[in-house]
Amino acid sequence: MFFAPSRKLAARRRRDGGHRIYDPRERALLGLFDAFLRVVSPIAGLRPAGPMGEPSRARRILALRLDRIGDFVTTLPALECLRAAAPEAHIELGVGSWNEPIARRLPFVDAVRVVDAPWASWEKRTSFADARRALGSDWDLALDFQGDVRVILLMALAGAKLRAGYGETGGAHLLTHRARWDESRSWYWQNLELLRTLFPETDFEPPARPFSFLSEVDRETARGVLDTGAHSLIGIHPSAGRRLKQWEESKFVALIDRLAETATIVLTGSSGDEALVRGIAAKARKPPRVLLGMPLLTFAAVIERFDLFVTGDTGPMHLSHAVGTRNVAIFGPSDPVRYGPETDLSLRRVVRQPLYCSPCNMIRRPPGECARAPTPECIASVGVEQVLQAVQLCLNVRL
């Protein structure tokens, strides 16, 4: 029978929390897969073997964050802290090819492995076997910052002696160090919690931002793309990756019309967002500048040039935090505490409308009423004036 969640379930999840996997069919499948792994792993030699070593003595460390750009950016503070906790170790970072440009610029990792996991790779076809080969072998310690049983299995197949992760979706028996999972805390905190499990004597504090992965060449390229002029420069990224999290086009148009009176407006998006972005630009009284499909480092350098960046709950929101640009983020069904900024709130503003069922974090399989609506109520109820007020507070100007 098809599982159609309701807003009542959303309200219960908001009030009481609940399992990370809220679809009972999906939970059952994961349970069966985990039971299969428990039977097969001793036969296949995947269980941790021998006495458990000390993470502080690990000399070859593999850190894995195989999902999308926003999730990857939330891991940067933890990666910098990992370097501080293991200063003599050789640390390699496994990421999808879409995150490789930033990963190769990070000063706190020694090497980067491109691992395009089939469940996260939208741009090209890949397989689980391809991901396994990309990991290599002979690791003293491997960490899964994603909280995914598939990544835990990859670490076990790679023969990592110590394995750290969460095990919330299965595979806990393949880990040597299991971290606490807490849906009520920020992902920035969650990633640091994994390190606290490995190095309990170390006091981890998130390092200050911005992160220094942009070069002067990147900034020069951005200057060539975007000449600021005399006005304030405000970027707007209309796409939120999923329709469920995306503010209405008509409201973006109204916002642009108000902001264009005192600022230069730039609309950004991926090449796949062209119809959305150009459609909004065409309806504005004063057409904004449109920038689409930029390389990742150029895009980050352009964001750095903005005086303010307006986004939804999406990867570019986290990029703005990473490069130190003021941000106003429009939230709907996802929890801004879990998925939003964790920095100085004088520079970051979350705009949302509290409802009895929001935030529910039911993104992949939303309540039927929300899936059928052009825009779910939790995001449709966010008004233009709310966003304008947040912009005003961030820029300390009157609009």
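Numbers for the structure displayed
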{"item": "Where Arg364, Arg348 fall by accessible area, highest first, once all protein chains stay in place (1.4 Å)", "result": "Arg364, Arg348"}
{"item": "The chain - charge dipole about Cα centre, Lys and Arg +1 at Cβ, Asp and Glu -1, debye rounded to 20", "result": "980"}
{"item": "Hull shadow area, averaged, the range 276-335 [alpha-carbon convex hull, nm²]", "result": "4.9"}
{"item": "Apportionment of accessible area to carbon and sulfur, the range 27-142, percent (1.4 Å)", "result": "56"}
{"item": "Neighbour-limited loop hits for GluC sites (Glu not before Pro), the range 253-337 (at most 12 other Cβ within 10 Å; DSSP other than H, G, I, E, B)", "result": "Glu261"}
{"item": "The range 29-158: translational diffusion in µm²/s, Stokes-Einstein, Kirkwood Rh over Cα pairs, 37 °C, 0.692 mPa s", "result": "212"}
{"item": "Packing-based order for 68-81, 369-382, using average beta carbon neighbours within 10 Å, highest first", "result": "68-81, 369-382"}
{"item": "Positive-pole candidate from Asn191, Thr169, Trp181, dipole of the chain, charges at beta carbon", "result": "Thr169"}
{"item": "In Å², nearest 10: area of Lys8 left accessible to a 1.4 Å probe", "result": "150"}
{"item": "Listed residues Asp227, Asp182 arranged by accessible area, highest first, probe 1.4 Å", "result": "Asp227, Asp182"}
{"item": "Residue-averaged [θ]222 nm for the chain, counting only DSSP H segments that reach four residues, each worth -39500 (n - 2.57)", "result": "-11000 deg cm²/dmol"}
{"item": "With all protein chains modelled, accessible area of Asp335 [1.4 Å, Å²]", "result": "30"}
{"item": "Kirkwood-based Rg to Rh ratio, the range 118-164, C-alpha trace", "result": "0.98"}
{"item": "At q = 0.12, 0.29 Å⁻¹, base-10 log of I(q)/I(0) for the range 175-245 (Debye sum, equal scatterers on each alpha carbon)", "result": "-0.68, -1.26"}
{"item": "Solvent-accessible area per residue, Å², over the range 126-178 with all protein chains present [probe radius 1.4 Å]", "result": "28"}
{"item": "Taking N as its residue count, the alpha carbon Rg of the range 109-189 over 2.2 N^0.38 Å", "result": "1.12"}
{"item": "Largest to smallest accessible area among Leu30, Leu37 [probe 1.4 Å]", "result": "Leu30, Leu37"}
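The values are calculated or read from the model by the stated rules, or taken from the named source; none is laboratory data. A quick note: this is a predicted structure, and the numbers were derived from the prediction, not measured. Ideal geometry is used to build each Cβ from the backbone, glycine not excepted, and the neighbour counts take in all protein chains shown. The protein model used for the area step is the full one, side chains on, heavy atoms only, and it has no ligands, DNA or RNA in it. Shrake-Rupley method; radii C 1.70, N 1.55, O 1.52, S 1.80 Å.
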